[in-house]
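Working notes, structure below.
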Amino acid sequence: MRLVTFYAQGKEQVGFLMENGVVPVNQLIGTKVASMLEMIEKVTDCQLDAAEKALKAGGNETVPMQEVKLLAPIPYPPRNVFCLGKNYADHAREIKMTKISDTGIPECPIYFTKIASPAITDGDDIRFSPQATTQVDYEVELAVVIGQAGINIRPEEAEEYIFGYTVANDVSARDLQGAHKQWFKGKSLDTFCPMGPVLVHKRALPLPLELNIQCRINGELRQDSNTREMIFDIPAIISDLSKGLTLKTGDIILTGTPSGVGMGCDPPRLLNDGDIVECYIENIGKLANRVVRQ
Ligand code: MG
């Protein structure tokens, strides 16, 4: 069940991505929804079952891809995006001696947040001005979208609180991360949160997730790992983050990046004008963006 937010016929809509186009969800479920957030809040398992059957049967009215502009699954997340730093051991080791972080493998999840307002998506440009930063880096990450509010969630019940999964690129200004000590600003520049375009419902990806995760720059494979390599897995993250902190419907959690970021290369290989960044996660999809220095 591959959901997308898209713009067509003069309005933002939610649909199921098919090979030949997008089937608007409002055709297949009894409840009208105007956004992905409404979809997450209102849709029931029965409606998803019925939609799945209808999609399998085919013959649904489909908006052709050439008439569709895909958006991020949740273009304007209601709150800052939650992020984990150093959640793959190989990445923690590669950045151990940089100015940004001098500690090793974390014993507790490291959290920060970033602004995505809006989150951009596949085909959009990552833009940066050299007046703001000259060290732009890429980080492919699995993003978890929360499906229902909860606090003090136990690891074994974490999956109940998930709606689905998407691909994200935690674009990072390394010079700002180093200068400001705290990561928020360097992670939050405009266009620095490409996400999507597909949001895969959790019923298609049961836990534990063991998905290949990769990032290519101009076709060259730079990051290549598997989500099973996370130090803190998804139930551990949801359980820990929700201790005393209510997770809300539509919250997004970026689960960290594996090794191979530009800053980890010697010498560093950061992003340049015209570079194409392709983030890929098995069974979810690809997120490609061009880098534009402006
Ligand atoms: Mg990151």
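The values are calculated or read from the model by the stated rules, or taken from the named source; none is laboratory data. Small disclaimer: the values here were computed from a predicted structure and weren't measured. Here Cβ is always computed from backbone atoms with ideal geometry, including for glycine, and neighbour counts include all displayed protein chains. The accessibility values were calculated without ligands, DNA or RNA, using every heavy atom of the protein model including side chains. Shrake-Rupley method; radii C 1.70, N 1.55, O 1.52, S 1.80 Å.
If you wrap the Cα atoms of the stretch 3-116 in a convex hull and average its projected area over all directions, you get 10.3 nm². Among P78, C46, G58, whose Cα sits farthest toward the positive end of the charge dipole of the chain (+1 at Cβ of Lys/Arg, -1 at Cβ of Asp/Glu, about the Cα centre)? Going by the charge dipole, the pick is P78.
Hydrodynamic radius of the chain by the Kirkwood approach over all distinct alpha-carbon pairs: 19.3 Å.
Within the stretch 40-83, the GluC sites (Glu not before Pro) that combine a DSSP coil assignment with at most 11 other C-beta atoms in a 10 angstrom radius are E61. What you get for the stretch 2-71, charging only the Cβ of Lys and Arg (+1) and of Asp and Glu (-1), is a dipole of about 80 debye around the Cα centre. Of all beta bridges that DSSP places with both ends in the chain, some 90 percent have antiparallel geometry.
Within the stretch 173-191, find all residues whose amide N lies under 14 Å from a label point positioned 7 Å from the Cα of S117 along Cα-to-beta-carbon. The answer is 185, 188-191. The modelled label-to-label distance for the pair Y7/K53, using points 7 Å beyond Cα in the direction of Cβ, is 3.7 nm.
In the chain, a dipole from Cβ-located charges (positive for Lys and Arg, negative for Asp and Glu) runs towards its positive end, and of Q182, G274, I237 it is Q182 whose Cα lies farthest in that direction.
What the phi angles of the stretch 183-188 give under the Karplus curve with 6.51, -1.76 and 1.60, with θ = phi - 60°, is a coupling list of 7, 3, 5, x, 9, 10 Hz, glycine and proline written as x. Inter-label distance, E210 to E67: 4.3 nm, where each label sits 7 Å from its Cα along the C-beta direction. Between helix 45-57 and the chain there is an angle of about 80 degrees, using the helix long axis and the longest principal axis of the Cα atoms.
When each of the peptides 197-205, 83-91 is scored by how many other beta carbons lie within 10 Å of its residues on average, the order from highest to lowest is 83-91, 197-205. How much accessible area per residue does the chain have, in Å², with a 1.4 Å probe? Heavy-atom SASA per residue in the chain reads 43 Å².
Placing pseudo-labels 7 Å out from each Cα toward the beta carbon at C265 and A149 gives an inter-label distance of 4.6 nm. If R0 is 35 Å, the Cβ-Cβ spacing of E107 and A132 corresponds to a FRET efficiency of close to 0.55.
Extension gain for D125-E157 works out to 7.7 nm (0.36 nm per residue, less the C-alpha to C-alpha distance).
Applied to the stretch 162-170, the Karplus parametrisation 6.51 cos²θ - 1.76 cosθ + 1.60 on θ = phi - 60° returns per-residue 3J(HN,Hα) values of 8, 9, x, 9, 9, 9, 9, 10, 7 Hz, with x for Gly and Pro.
Extension gain, E282 to D45, is 82.9 nm, computed as 0.36 nm per intervening residue step minus the present C-alpha separation. When only the Cβ of Lys, Arg, Asp and Glu is charged (+1, +1, -1, -1), the dipole of the chain relative to its Cα centre reaches about 580 debye.
Using a probe radius of 1.4 angstrom, the carbon and sulfur fraction of the accessible surface of the chain is 48%.
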